[in-house]
Amino acid sequence: MPSMRDIKRRKNSIQSTQQITKAMKLVSTVKLQRAKSRAERSHTYFEYMYQTVVNILERSGYMEHPYMKAGEGGKKAVIAITSNRGLAGGYNSNIAKLVDSQEWDKKDVVVYAIGKKGRDMLKRRGYEVLSDESEMINEPLFSDAQELCDKLLNDFSEGRISEIYLAYTHFRNTVSHVPTMLKLLPVNMQEAAEKSEIDATPESKALMNYEPEEVEALNMIIPKYVTSLIYGALVEAVASENGARMQAMDSATSNAEEMIGSLELQYNRARQGHITQELTEIIGGAEALSS
């Protein structure tokens, strides 16, 4: 059995850790409230931008445009959104697992990393990190998403990448965060139609007409579409990160409370054993003197 001194030292150490986890939980809770409001405000725009563009492209028929077909020889690009800090449970590792679970050859994939944790995890798993935009996740701005979109579309147009995927954590509510993989370009019509919530009325199936030209229209629509989805994913990822960290710190605080209770019981037993031993020695010494 550990000595009373060891038990007390261990208890003090856990109490210090518990104070840190409590503080981190409070900070995450405050950040979550702000991030949650921001995510809820942008969610409708995020969803309807995706659905509207898919609906437009579905009604356009075949179009000869660089954004509408996968390039030849280029690699698949994955925008992996994680955090720059840990202590958030499985938040970061879930994105790395999601990317790793896809049926593709790692040699044919390049990563545009947003978040140091995901960047390091994917590097260790053998992926090539082509771009590191980790600072973007600290305070996501629409201009940041636009800058990344310009870089992606430039690489796509020049044939360095042939497909663009977005891996992020979808924020459902405070306790539910879902790792999600979304294909941005070229749009997968069958998959997109299944996700779309727009009513499939006969009018919605009429062919789309463009004015002045379809190429010029798509050159304006697609960058806004990609930028909006990246920004929406960033906002949801920040809310998910703080929600995951709040839950992790809450669990850590509860575990520390249980460990402190267990150590107090051990300490009391050790103290009782120590007192009993001292009394036995005193009684034994007194009997020896009297005899």
**Prompt:** Any idea which residue in segment 1-50 is surrounded by the most Cβ atoms within 10 Å (Cβ to Cβ), counting only those that are polar (S, T, N, Q) and in contact (Cβ under 8 Å) with a residue 12 or more places away in the chain?
**Reply:** 28
**Prompt:** How many of the residues making up segment 156-188 are part of a helix (DSSP H, G or I) and either under 20 Å from the mean Cα position of the chain (by Cα) or surrounded by 20 or more Cβ atoms within 10 Å (Cβ to Cβ) (or both)?
**Reply:** 1
**Prompt:** So, of the residues in segment 70-115 that are among the β-branched types (Val, Ile, Thr) and outside any strand (DSSP E or B), which turns out to be farthest from the chain's Cα centre (by Cα)?
**Reply:** 99
**Request:** Being over 14 Å from residue 52 (Cα atoms), surrounded by 12 or more Cβ atoms within 10 Å (Cβ to Cβ) and not acidic (Asp, Glu) is the filter; apply it to segment 194-216 and report the residue that is modelled with the lowest pLDDT.
**Result:** 210
**Request:** Considering only residues that are under 17 Å from residue 79 (Cα atoms) and hydroxyl-bearing (Ser, Thr, Tyr), look in segment 158-193 and name the one that is modelled with the lowest pLDDT.
**Result:** 162
**Request:** Looking only at segment 76-104, count how many residues are more than 22 Å from residue 172 (Cα to Cα) and crowded, with 20+ Cβ neighbours inside 10 Å.
**Result:** 2
**Fill in**
Here the residues within segment 126-145 that are of a type in the set (S, T, N, Q) and either within 12 Å of residue 80 (Cβ to Cβ) or crowded, with 17+ Cβ neighbours inside 10 Å (or both) are 131, 134
**Item:** Yes/no for residue 252 being more than 20 Å from residue 143 (Cβ to Cβ) and either modelled with pLDDT under 95 or among the hydrophobic types (A, V, I, L, M, F, W, C) (or both)
**Value:** yes
**Item:** Hits in segment 273-289 (condition: of a type in the set (A, V, I, L, M, F, W, C) and either over 29 Å from residue 7 (Cα atoms) or within 60 Å of the chain's Cα centre (by Cα) (or both))
**Value:** 275, 279, 286, 288, 289
**Asked** Tally time: how many residues in segment 231-278 are among the basic types (Lys, Arg) and in contact with a Gly (Cβ under 6 Å, 6 or more places away or on another chain)?
**Response** 0
**Request:** Taking the options 122, 148, 153, 130, name whichever one is more than 17 Å from residue 237 (Cβ to Cβ) and assigned to a helix (DSSP H, G or I).
**Result:** 153
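The values are calculated or read from the model by the stated rules, or taken from the named source; none is laboratory data. Remember, it's a predicted structure, so these values are computed and weren't measured experimentally. For neighbour counting, all protein chains shown are included, and Cβ atoms are generated from backbone atoms with ideal geometry for every residue, glycine included.
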